[in-house]
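A.B. asks: Handing you this structure, nothing more for now.
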2 protein chains.
Amino acid sequence: MPDVAADRRVRRTRAAIQRALLALMAEKGYEAVTATDIIERADIGRSTFYTHFTDKQHVLYDSLDDLGDFLRDQRRPGHDGVLGFGLALFEHVDEQRDLVRVLLGRRGGRVVQDRVAHLLAELVREDLAALDGPAPDVPLDLVVTGVVGTYLALLRTWADSGTTWTPAEMDDVARRLLGPGLAALFGPVTA
Amino acid sequence: MPDVAADRRVRRTRAAIQRALLALMAEKGYEAVTATDIIERADIGRSTFYTHFTDKQHVLYDSLDDLGDFLRDQRRPGHDGVLGFGLALFEHVDEQRDLVRVLLGRRGGRVVQDRVAHLLAELVREDLAALDGPAPDVPLDLVVTGVVGTYLALLRTWADSGTTWTPAEMDDVARRLLGPGLAALFGPVTA
DNA sequence: CCGTTCCTGAACAGATTGTTCAGGAAAGGT
DNA sequence: ACCTTTCCTGAACAATCTGTTCAGGAACGG
């Protein structure tokens, strides 16, 4: 496998492959894309593809790592109590809608979802840990899992649908669905 | 395509195919199973398989439909009258843990998850529609999506983890997390 | 017992995957 | 400008999987 950062040809080839995959995912969905598709779209030799990536999956992995770095930089702290991260989350996704739709939507892959879930779980856990109410008598991890599940499901639906909803409306749904339950679990929380 | 219910040969063939897929999924995961695998495991002719199912996917769909029917029958009303399917769901998963882990776990594949989500969405929608409170001022579909997301996330975590929790405890988490919010959305629900 | 329906299994075209290899092309350093 | 290293090419290849076809045999239900 060629050195990753050194040669300009390597950078061009890898970039072309990743660009090809994302474009094809937007057209056919992740599952339907074949390695041959990527090779043709990227306009490279067949052997070239396999010298850089073992799989269609590993192309996606690399792209996700890039996206992860980007998201980590853009992360903003919540500002109004429980689930304060939510609005910022939906707003951010709103800006990156095209890419997010491809990655998280119905035609996206499973890998993406798991990684995003992990990322969200960190945000939620920080949020809940900041509450000064009494510790709940249910496992915190389960609560985090449930909350993340809700947000992820809403994100997916939002990214897929024609979406007339604004980030604020999406956040409102999540907040009103989960807020009362969380308040009951963690003690009275004033927004 | 042969008549589904009439002939004994048809029932045997279809049952063998479904059994084969589930067994293979438990061994290799959904994605790794090929139609040829199923054919060999089920010990049937190649053409026979394609007479009954167009896809590996459709074999799975049929099996999941069976699960849906089961959950519908087992449904029990919760304290609020809402989320009555939950306990039966967790109990069933508890019994079929190996299978469910394969279905929803990391090796499960995206198709399974979407199908199960669709299945649960119907149950939740029926549940919420049965409430006599005023219509909520947020889109019902979004609420359903959020609720299903929570249950699915809890299911996945539960199936994957070492499981010290009982079905009742899992159901309790979901109920306490979502119940208050749903009550607030759909009007006061008397216990 | 008999007409209907189903199963068989081989054979087939087409796609896809992942590897190999020799020769040409581009890169980076001096 | 030169030269050595590294990369890209693209065709050829075996292997696997898919979905269809068809004629003959087997099981079914009545």
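A.B. asks: How much net charge surrounds A:ARG97 when only other residues with a Cβ under 13 Å from its Cβ are counted (Lys, Arg +1; Asp, Glu -1)? Before the final figure, lay out each step's value.
C.D. replies: Details: positive: A:ARG101, A:ARG156; negative: A:GLU91, A:ASP94, A:GLU95, A:ASP98, A:ASP160.
So the surrounding residues net to -3.
A.B. asks: Over region A:101-174, what relative contact order in percent results from Cα pairs under 8 Å that are six or more residues apart?
C.D. replies: Details: 35 pairs, mean separation 30.8, N = 74.
Computed over region A:101-174, the figure is 42 percent.
A.B. asks: Which of A:LEU177, A:ALA117, A:PRO139 sits farthest toward the positive end of the charge dipole of region A:75-186, with +1 on the Cβ of Lys and Arg and -1 on the Cβ of Asp and Glu?
C.D. replies: A:ALA117
A.B. asks: Return, for the Cα atoms of the protein assembly as shown, the radius of gyration and Dmax in Å, separated by a comma.
C.D. replies: In Å, with Rg to one decimal and Dmax whole: 22.6, 69.
A.B. asks: Here's something else I'd like to know. Pick from B:ARG46, B:ARG72, B:ARG12 the residue whose mean-square fluctuation is largest in a GNM of chain B, springs joining Cα atoms under 10 Å.
C.D. replies: B:ARG12
A.B. asks: While we're on this one: Compute the length gained on full extension between A:THR34 and A:HIS58: take 0.36 nm times their separation in residues and subtract their Cα-Cα distance, giving the result in nm to one decimal. Numbers along the way, then the final one.
C.D. replies: Details: separation 24, 0.36 × 24 = 8.64 nm, distance 1.28 nm.
My answer for the length gained is 7.4 nm.
A.B. asks: I need the shape label for region B:56-185. Rule: rounded when a/c is under 1.5, else prolate if a/b > b/c, else oblate, with a, b, c from the alpha carbon gyration tensor.
C.D. replies: Numbers: a/c = 1.82, a/b = 1.43, b/c = 1.27.
Because a/c hits 1.5 or more and a/b exceeds b/c, region B:56-185 counts as prolate.
A.B. asks: Still on this structure: Could you derive backbone 3J(HN,Hα) for region A:12-18 from the dihedral phi with the Karplus parameters 6.51, -1.76 and 1.60 (θ = phi - 60°), listing whole Hz in sequence and x where the residue is Gly or Pro?
C.D. replies: Those phi angles translate into 4, 4, 5, 5, 4, 5, 5 Hz.
A.B. asks: While we're here: Roughly how many debye, to the nearest 20, is the charge dipole of region B:56-185 about its Cα centre, given +1 on each Lys and Arg Cβ, -1 on each Asp and Glu Cβ, and no other charges? All intermediate terms of the calculation are to be shown ahead of the outcome.
C.D. replies: Numbers: 14 positive and 21 negative charges, 109 e Å.
Value, rounded to 20: 520 debye.
A.B. asks: Putting +1 on Lys and Arg Cβ atoms and -1 on Asp and Glu Cβ atoms, find which of A:HIS58, B:SER161, A:PHE186 reaches farthest to the positive end of the dipole of the protein assembly as shown.
C.D. replies: So the residue furthest toward the plus end is A:HIS58.
A.B. asks: What is the set of long-range amide H partners of B:TRP165 at a cut-off below 5 Å, with H atoms built 1.01 Å from backbone N?
C.D. replies: Excluding prolines and chain starts, which carry no amide H, there are no hits.
A.B. asks: Just how large is the dipole of the protein assembly as shown about the Cα centre, in debye to the nearest 20, putting +1 at every Lys and Arg Cβ and -1 at every Asp and Glu Cβ? Display every interim value, and only then the final one.
C.D. replies: Values: 46 positive and 58 negative charges, 267 e Å.
Computed charge dipole of the protein assembly as shown: roughly 1280 debye.
A.B. asks: Whole-Hz Karplus ³J(HN,Hα) for region B:87-96, in order, using 6.51 cos²θ - 1.76 cosθ + 1.60 and θ = phi - 60°, x for Gly and Pro?
C.D. replies: 4, 4, 4, 5, 5, 4, 4, 4, 6, 9
A.B. asks: Nm distances between the label at B:ASP65 and the same-position labels in the remaining copies, 7 Å along Cα→Cβ, shortest first?
C.D. replies: For B:ASP65, the inter-copy label distances come out at 4.4 nm.
A.B. asks: Which ³J(HN,Hα) values in Hz, rounded to whole numbers, follow from the phi angles of region B:36-41 under the Karplus curve 6.51 cos²θ - 1.76 cosθ + 1.60, where θ = phi - 60° and Gly and Pro get x?
C.D. replies: Once rounded to whole Hz, the list reads 4, 4, 4, 4, 5, 5.
Read the figures in this text as sums done on the coordinates, not as results from a lab. Because the structure is a prediction, the values reported are computed rather than measured. No Cβ is skipped: glycine too gets one built from the backbone with ideal geometry, and neighbour counts run over all protein chains shown.
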